[in-house]
1. Of the residues in segment 341-370, how many are within 20 Å of Leu456 (Cβ to Cβ) and polar (S, T, N, Q)?
2. List, please: which pairs have Cβ atoms under 6 Å, are six or more places apart or on different chains, and start with a residue in segment 428-449 that is touching a residue at least 24 places away in the same chain (Cβ under 8 Å) and end with one that is assigned to a loop (DSSP other than H, G, I, E, B) and of a type in the set (S, T, N, Q)?
3. Find the residue count for segment 176-206, including only residues that are closer than 30 Å to Leu102 by Cβ and assigned to a loop (DSSP other than H, G, I, E, B).
4. Residue by residue through segment 241-296, note down the ones that are part of a loop (DSSP other than H, G, I, E, B) and at pLDDT below 85.
5. Just for strands (runs of 3 or more DSSP E) wholly inside segment 66-168: which have at least 1 residues that are at pLDDT 80 or above and closer than 30 Å to Glu219 by Cα?
6. Name the residues in segment 378-410 that are surrounded by fewer than 18 Cβ atoms within 10 Å (Cβ to Cβ), among the small types (Gly, Ala, Ser) and closer than 20 Å to Ser436 by Cβ, would you?
7. Just to be sure I understand, how many residues within segment 389-410 are within 22 Å of the chain's Cα centre (by Cα) and either on the phi > 0 side of the Ramachandran plot or assigned to a loop (DSSP other than H, G, I, E, B) (or both)?
8. As an exercise: evaluate Ser177 against (1) more than 23 Å from Ser440 (Cβ to Cβ); (2) open to solvent by 80 Å² or more (accessible area, probe 1.4 Å) and give the number of the one condition it does not meet.
Amino acid sequence: PCGAPVRIFSILYYYILLFLNRMIKLLQHSYIPSKPIVAMLGTDTVLPCRVSPPLNLESMELRWFRSQFSEAVYVYRNGMEQAGEQLITITEGRVAVRIYSLRISDNGMYKCFFKKDSDFEVATLELKVIGLGSGPHVFMVGPEDKGIRLTCRGKGWFPQPEVQWTDARGEKIPSLSEDETQDDDGLFQIEASLIVRDSSKTEVSCSMKNPFFGQGQVETISIPESFFPRTSPWKIAFAGTFLILGVFVVAVMFLAWKQQQEKRRVWEVQKEKKEESKAKGKTVTQTAITLDPDSAHPNLILSENRKQVSLMENVPQNCDASVCQGQEECEAVFSVLGRNCFNTGRHYWEVQVNMGTVAGPVNKWAVGVCSNTVRREGLFVEGPEKNIWVVAYEKGEVKFPTSPESLSLKQHPQRIGVFLDWEDGDVSFYNMADGSHICSFTGLTFYETLCPYFSLRGTGTSVTICSGLDYTENFVIQVPPKKLSLYYFHKKCQHMCSGF
């Protein structure tokens, strides 16, 4: 009888211990961050995980795996690493795994697994790998469907970026089309197109943004108003006249139509004069440029009026040791500067490029501006890093120094307009055959005096500076603040581009 209370106490003690053990196991959980871990492509990142309350993990089994339990990223069992070498640390209740040089394939879900005896716990963590690519790069394709077609390109993004067009007021413009592809590394290349029909939208921006990271890039392009297609007024007048001819006598309506056309012509002339008068004070006149013989390479010939430069005969066009004095002579850049140099204001001039009857692979030319302190001896790179801003022709392609690819032009320009805005840091080039924009350097800051720059190479290649216009009322370069616009009228401008 005396042993009965002892047995009862022992049984109660056993159940109390069993209950406490169960409570401790119920309180044990594995914890990881609730939000996804965002990391940049190519960097290292850490996947954290912990057990609460803290335990000695050396007596437990730890496993990091992806979608399948057998596809382990890391396994720790019996106090030893079973696979992989990515473990950072194991402390009381805490474990972390480092992934080196993140790739696109590392993006996705990870699971942290703890097991002790027959009890286990699993927690899920999401890793988002992002890549901020290059771009966007915006350029004009040309007129299309009563507007101007623009294209925005970017590459090297992950995941697929969000593309958004906006105007100067920040209002969103929907894309006409978006095409995306993935390369072998899983990175996205995207191209978005837009047709701008509203001539008031002279500044359009394209932005690309990572949907998870929120960081993006933007590029803006300016569209001169004269590039937009315009409806000819005579079409409306013809349609109205055609309807009236069906009602009234042909002879009477013909006289009425002639009267109406005369009044319209007078009104248009008056309107044109008013617009020209408003533009006074903002008009950039063509600058009279002449070549500086003191700056010319010895292999160049200047005309008597200093308006044309060409190459001397029998100049070596390749590195033939029998005709070259040395490697420097074979690879030298033959250049000359304009006598007119600028350290303020807006200036414009035109040049005519002649490639001869047969343009070979050695034929080259470049026109633009450069700093008056540039050293031009021997071989050098004609680019912004040398303080030279040009558009160039080489190996049958027109190139822009800041772009590794050739420019997408409908035709190679032969008459080129060069526009310089010293204060606004703008150097732009135009194909004067059709008024199309070739390329621009924008957002520059000039600290030195700039001079017109010309270089050429190849038999038959010459550059001529156009001396002026026969009809100044037919061609006006109007420059409102921060914007360049070219206006063309029906009559063609006849340039005086003869170098002799």
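The values are calculated or read from the model by the stated rules, or taken from the named source; none is laboratory data. Remember, it's a predicted structure, so these values are computed and weren't measured experimentally. Backbone-built Cβ (ideal geometry, glycine too); neighbour counts: all protein chains shown. Calculation scope for accessible area: heavy atoms of the full protein, side chains included, ligands and nucleic acids excluded. Shrake-Rupley method; radii C 1.70, N 1.55, O 1.52, S 1.80 Å.
1. Residues meeting the conditions: 4.
2. Taking only residues 6 or more apart or on different chains, the pairs are Glu448/Thr373; Thr449/Asn343; Thr449/Asn372.
3. Of the residues in that region, 5 qualify.
4. Selection gives Gly246, Val247, Phe248, Val249, Ala279, Lys280, Gly281, Lys282, Val284, Thr285.
5. 119-130, 134-144, 147-157, 162-167
6. Scanning segment 378-410 gives Gly396, Ser403, Ser406, Ser408.
7. 10
8. (2)
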